[in-house]
Amino acid sequence: MASSGGIQIPSRLPLLLTHEGVLLPGSTVRFSVDSPRNMQLVGQRLLKGTSLKSTIIGVIPNSRDPEQDTDDLPALHNIGTAGIAVQVVGSNWPKPHYTLLITGLCRFRVCSLLKERPFVLAEVEQLDKLEQYTASAAEGDAAEHGELKELSQKFYQAAVQLLGMLDMSVPVVAKFRRLLDSLPRETLPDVVASMIRTSNQEKLQVLDAISLEERFQKALPMLTRQIEGLKLLQRSRKTSPDKEKRVLSVRKGGVFPGRQFNLDGEDEDEDGDDMAALERKIHGASMPEAALRVCLKELKRLKKMPQSMPEFALTRNYLDLMVELPWNRNTKDCLDIRSARTLLDNDHYAMDKLKRRVLEYLAVRQLKSTLKGPILCFVGPPGVGKTSVGRSIARMLGREFHRIALGGVCDQSDIRGHRRTYVGSMPGRIINGLKMVGVNNPVFLLDEVDKLGKSLQGDPAAALLEVLDPEQNHSFTDHYLNVAFDLSQVLFIATANTTATIPPALLDRMEVLQVPGYTQEEKVEIAHRHLIPNQLEQHGLTPQQLHIPQDSSRDIICRYTREAGVRSLERKIGAICRAVAVKVAEGRRLPEAVSSEEVLLQEAAPPEMPIVIDHVALKDILGPPPFETEVSERLTLPGVALGLAWTPLGGEIMFVEASRMEGEGQLTLTGQLGDVMKESAHLAISWLRANAKTYRLTNIAGSSDPMEGTDIHLHFPAGAVTKDGPSAGVTIVTCLASLFSGRLVRSDVAMTGEITLRGLVLPVGGIKDKVLAAHRAGVKRVILPKRNEKDLEELPANVRADLDFVMARSLKEVLNASFDGGFPGTASAESLPELSSKL
Ligand SMILES: Nc1ncnc2c1ncn2[C@@H]1O[C@H](COP(=O)(O)OP(=O)(O)OP(=O)(O)O)[C@@H](O)[C@H]1O
Ligand SMILES: [Mg+2]
């Protein structure tokens with residue numbers, strides 16, 4: 001059947017040799033090419049050529065291209081298919097190769113090989129016609145071969161029957177159905193044979209059938225076999241209980257079956273196992289009804305989702321978290337109040353008030369486990385052991401401990417989680433913490449609640465309200481979980497440095513326990529009982545190697561640290577340990593060649609004497625002391641007084657300075673003062689001017705109005721720190737009185753108290769911290785408002801014994817106590833003993 005007329009393929013064709021598949025006219029097949037001759041063909045012909053003709057190549061099936069291009073060609077299959085390369089894709093991995101997509105045009109026979117290198121070129125003879133098949137031609141042909149017409153009709157009907165059995169929703173099937181009528185009948189065997197399930201051998205038979213009749217005869221049995229196979233499948237599907245799965249298989253593998261079929265089946269089985277395991281876990285997690293319902297719903301959705309969908313992973317993660325949460329898992333409280341007290345005492349020295357309250361709290365909880373008690377909030381300066389007491393409480397109760405650091409958190413989803421619609425959504429810290437500890441009754445320490453921020457992402461403090469309210473937190477809803485979790489078993493403890501920045505609603509839910517700073521004596525005890533042994537252990541030293549006498553530790557506390565807590569004390573001790581560790585390590589080094597006997601001798605020798613840290617050693621290791629306790633040097637001029645201030649870091653002493661110059665009666669205030677403090681300064685000046693005559697106060701020139709022709713400048717040092725509050729009132733008055741009278745204030749007196757225009761002294765807060773600061777600074781006499789007398793009871797006995805307290809009702813008494821020999825105009829020295837009380 002030589003070609004006559006119609007489209008001609010070139011008579012010389014480059015040949016692609018393949019043993020992978022059989023290209024039939026009318027179908028498109030993908031070939032992978034990596035052998036040398038084929039690679040050359042692609043490189044030199046397909047990629048370089050520009051005409052349509054250059055993309056036409058001959059595909060010879062069932063012939064292997066030799067691995068080396070020096071090898072001889074094997075015998076080639078005699079019939080091939082001319083095809084157009086419609087796509088060429090190159091890749092270098094894992095080795096250089098091309099992937100070709102070739103659409104078959106017509107058969108050809110190889111007449112002779114023209115050359116073998118760099119690729120095979122052959123003289124060919126076109127076997128099929130390549131012209132538009134017209135109806136008249138078909139009729140003509142059919143008339144000629146009655147038998148052929150019958151065959152082609154039969155074949156066509158079988159093809160229609162096959163298509164009828166397939167699922168029209170698959171796009172390829174639908175397209176084929178549309179094309180079936182418009183395709184020339186003579187092309188049907190090729191097209192159908194390439195689409196139904198046939199082996200390469202069978203396809204080769206169809207290719208080799210050059211006469212049309214033979215081709216129909218070869219292809220028809222394959223088509224009928226496919227139809228029978230499908231019928232069988234459909235019948236078994238009807239009876240099979242596992243309906244859905246089979247339909248899926250028919251769709252996936254029925255038409256164009258391949259290896260995929262089996263692989264898919266295995267995957268599904270594995271998935272099935274996984275899902276069943278997850279389902280078992282969900283039922284086993286003993287969640288409340290509502291959560292279980294949500295989980296089962298999500299699981300149902302998950303089962304229907306393809307694994308490749310991004311939502312699959314999201315839902316899976318969600319379910320994993322739900323299963324892991326301790327819905328019903330808890331630890332048993334093992335609280336024995338007596339041993340709890342010993343434990344607290346062992347862990348922490350001093351803090352008696354705090355310990356008492358903590359024990360009360362725990363005792364009540366033991367008597368009534370369902371107690372919806374207040375949430376404790378420890379407030380105090382840094383390093384006084386708030387966090388570490390929280391940890392001890394968990395240990396006493398035998399509960400899990402989890403610390404949630406809230407400092408700097410400014411996004412409410414940090415507490416409550418993100419909704420699952422967000423990309424990268426996560427549960428909040430509360431739920432995360434529960435997952436980590438694995439029980440539903442841990443001790444949660446909400447550390448640094450005063451340092452919560454606020455931002456556009458919402459107010460985390462507001463989110464905490466629900467968490468901390470015992471009336472509400474049994475149904476805490478994290479945005480990520482979206483179902484309620486019962487937090488009522490969790491024991492929350494909060495810590496803060498100051499209550500000033502805690503939002504009032506949050507503060508209202510907590511019981512504030514003040515943790516004041518330590519006195520010097522307490523610090524010495526803490527250092528010797530806890531800090532030094534701890535540091536020794538951390539640095540691998542023993543008490544036989546390092547000894548810090550009490551005197552030295554007192555020196556570290558007074559002259560090297562100035563703090564309410566014990567953190568920098570701990571650091572300084574650490575520094576000493578490091579320095580000693582070097583000495584010890586140097587001393588230990590043994591000479592190079594020692595016999596084992598010598599080593600034994602050395603070990604048996606008495607231990608070295610411990611390195612004792614005295615004042616000289618302290619100076620060597622820590623350098624010159626940065627703080628001096630003696631305050632007297634600084635009060636050498638009139639116009640300086642010592643005040644006591646309270647800061648979140650504990651109490652502090654504060655020098656108030658004043659100076660005057662010629663001017664117009666103006667008052668300048670510096671040192672970052674708040675409004676209340678500025679008003680105190682105005683109050684002080686007004687009171688002094690009003691009482692100038694009584695106290696014999698004058699201006700520079702000696703006039704009885706101290707402000708006349710005078711400008712006053714008041715400064716509060718540590719200029720960078722913001723200060724506010726009324727408690728500096730008495731200090732300002734004393735400082736100005738000294739300035740206006742030209743007399744020195746006593747160097748060893750410190751004071752605090754609010755003033756009024758009438759000259760009364762009103763009570764202020766933070767007395768304990770302030771007095772401790774004064775004691776630390778070496779002050780001898782402290783002037784306090786009379787109404788603060790009750791606060792003195794909180795002070796340790798040794799501090800009370802060391803200090804001389806003056807409880808003042810009025811400014812007159814303050815002035816009298818601040819200056820040596822009393823103040824002119826105030827009651828004379830004999831009334832002084834009444835006012836000062838030594839506690
Ligand atoms: N009374 C004490 N007895 C023994 N050790 C103490 C005592 N007070 C504090 N410490 C030690 O001081 C160190 C600092 O304490 P902690 O971290 O609890 O301070 P904090 O009050 O939480 O400070 P911050 O407000 O800065 O968080 C810890 O190593 C702790 O063991
Ligand atoms: Mg802390």
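Distance from the Cα centre of segment 520-542 to that of segment 797-817, in angstrom?
Their Cα centres are 35 Å away from one another.
Provide the gained length on full extension for the span GLN68 to GLU789, in nm with one decimal, where the gain is 0.36 nm per separating residue minus the Cα-Cα distance.
In short, 249.0 nm is gained.
Using amide H atoms built in the peptide plane, which far-off residues or other-chain residues are under 5 Å from CYS410 H to H?
For CYS410, the qualifying residues are GLY453.
Place +1 on the Cβ of every Lys and Arg and -1 on the Cβ of every Asp and Glu in segment 657-783, take the dipole about the Cα centre, and give the residue among LEU714, THR694, ALA777 whose Cα lies farthest towards its positive end.
Sorting the options by dipole projection puts first ALA777.
Based on the Cβ-Cβ distance of ALA405 and LEU757, what FRET efficiency does E = 1/(1 + (r/R0)^6) give at R0 = 51 Å, to the nearest 0.05?
The computed FRET efficiency comes out at 0.60.
From the phi of every residue in segment 349-357, what ³J(HN,Hα) in whole Hz does the Karplus formula 6.51 cos²θ - 1.76 cosθ + 1.60 yield, where θ is phi - 60° and glycine or proline is x?
With the stated coefficients, segment 349-357 comes to 8, 6, 6, 4, 5, 5, 4, 4, 5 Hz.
With every protein chain in place, what's the accessible area of THR55 (1.4 Å probe, Å², nearest 10)?
30
Among all stretches of the chain without exposed GluC sites (Glu not before Pro) (DSSP loop, at most 16 other Cβ atoms within 10 Å), which one is longest?
Longest stretch, sites excluded: 132-470.
Using a cut-off of 13 Å between beta-carbons, work out the net charge of the residues near PRO763 (Lys and Arg +1, Asp and Glu -1, PRO763 not included).
Value of the local net charge: +2.
Take the Cα atoms of segment 337-514, build their convex hull, and give its volume per residue in Å³.
108
Per-residue HN-Hα couplings for segment 90-104, Karplus 6.51 cos²θ - 1.76 cosθ + 1.60 at θ = phi - 60°, whole Hz, x for Gly and Pro?
x, 8, 9, 10, x, 9, x, 7, 10, 10, 10, 10, 10, 9, x
Round to the nearest 0.05 the FRET efficiency obtained for GLU116 and SER182 when R0 = 60 Å and r is the Cβ-Cβ distance.
After rounding, the FRET efficiency stands at 0.90.
Report the gain in length on full extension from ALA797 to ARG329: 0.36 nm times residue separation, minus Cα-Cα distance, nm rounded to one decimal.
163.6 nm
Per the 1.4 Å probe, what fraction of the accessible area of segment 12-126, in percent, lies on carbon and sulfur atoms?
Its accessible area is 49 percent carbon and sulfur atoms.
What whole-number distance in Å separates the alpha-carbon centres of segment 275-353 and segment 461-513?
19
As a check on your grasp of the helix formula, calculate [θ] at 222 nm for the chain: sum -39500 (n - 2.57) over DSSP H runs of n ≥ 4, divide by the residue count, round to the nearest 500.
-12500 deg cm²/dmol
Taking amide hydrogens as modeled 1.01 Å from N in the peptide plane, which residues meet the under 5 Å criterion relative to LEU130, leaving out close sequence neighbours?
Under 5 Å from the amide H of LEU130 lie the amide H atoms of ILE7, each far enough along the sequence or on another chain.
Run the dipole for the chain about the Cα centre, Lys and Arg Cβ at +1, Asp and Glu Cβ at -1, nothing else charged, and hand back the magnitude in debye, nearest 20.
The calculated dipole for the chain is roughly 1680 debye.
Kindly identify segment 779-829 as rounded, prolate or oblate by the Cα gyration tensor criterion: order the square roots of the eigenvalues as a ≥ b ≥ c, call it rounded if a/c is under 1.5, otherwise compare a/b with b/c, prolate if a/b is larger, else oblate.
oblate
Give the ranking of SER659, SER552 by solvent-accessible surface, highest area first, calculated with a 1.4 Å probe.
Largest accessible area first, the list is SER659, SER552.
How big is the gap, in Å, between the Cα center of segment 55-79 and the Cα center of segment 713-782?
Computed from Cα coordinates, the inter-centre distance equals 105 Å.
If amide H atoms are built 1.01 Å from N in the plane of the peptide, which residues on other chains or at least 5 residues away come under 5 Å of the amide H of LEU667?
ILE712
Excluding residues on the same chain fewer than 8 positions from LYS48, give the lysines whose Cα lies under 26 Å from its Cα.
Once the sequence-local lysines are set aside, what remains near LYS48 is LYS95, LYS115.
Provide the per-residue ³J(HN,Hα) series for segment 228-236, in order, calculated from phi with Karplus coefficients 6.51, -1.76, 1.60 and θ = phi - 60°, each as a whole number of Hz, with x at glycine and proline positions.
Each residue of segment 228-236 in turn: 4, x, 5, 4, 4, 4, 5, 5, 5 Hz.
Can you tell which of HIS19, GLY674, THR387 lies farthest toward the positive end of the dipole of the chain, using +1 and -1 charges on the Cβ of basic and acidic side chains (Lys, Arg; Asp, Glu)?
Positive-end residue among those listed: HIS19.
For MET436, what accessible area in Å² do you get when you roll a 1.4 Å probe over the heavy atoms of the protein chains, rounding to the nearest 10?
So the heavy atoms of MET436 present about 140 Å² to solvent.
Averaged per residue, what accessible surface does segment 300-392 expose to a 1.4 Å probe, in Å²?
On a per-residue basis, 54 Å².
Measure of size requested: the Rg and Dmax of segment 650-792, with Cα atoms as the atom set and Å as the unit; please supply both.
Over segment 650-792's Cα set, Rg and Dmax evaluate to 15.0, 45 Å.
Cβ under 15 Å from PRO503's Cβ, PRO503 left aside: what net charge do those residues give with Lys, Arg +1 and Asp, Glu -1?
That works out to -3.
If you average 1/r over every pair of different alpha-carbon atoms in segment 501-585 and take one over that average, what Kirkwood value in Å do you get?
The Cα-based Kirkwood calculation yields 14.5 Å.
Which whole-number value in Å² is the accessible area per residue of segment 632-837, probe 1.4 Å?
In whole numbers, segment 632-837 has 42 Å² accessible per residue.
Please report, as a whole percent, how much of the solvent-accessible surface of segment 632-837 comes from carbon and sulfur atoms (probe radius 1.4 Å).
C and S atoms contribute 50 percent here.
Mind checking the log10 I(q)/I(0) for the chain at q = 0.07, 0.09, 0.11 Å⁻¹? Debye, one equal scatterer per Cα, no solvent, two decimals.
For the chain, the Cα-only Debye profile gives -0.78, -1.00, -1.24.
With a 1.4 Å probe and all protein chains left in place, how much of the accessible area of segment 452-494 comes from carbon and sulfur atoms, in whole percent?
47
The values are calculated or read from the model by the stated rules, or taken from the named source; none is laboratory data. From a predicted model like this one, the values you see are computed outputs, not experimental measurements. Note that we place each Cβ from the backbone using ideal geometry, even for glycine, and neighbour counts take in every protein chain shown. Accessible surface areas use protein heavy atoms only, side chains included; no ligands, DNA or RNA. Shrake-Rupley method; radii C 1.70, N 1.55, O 1.52, S 1.80 Å.
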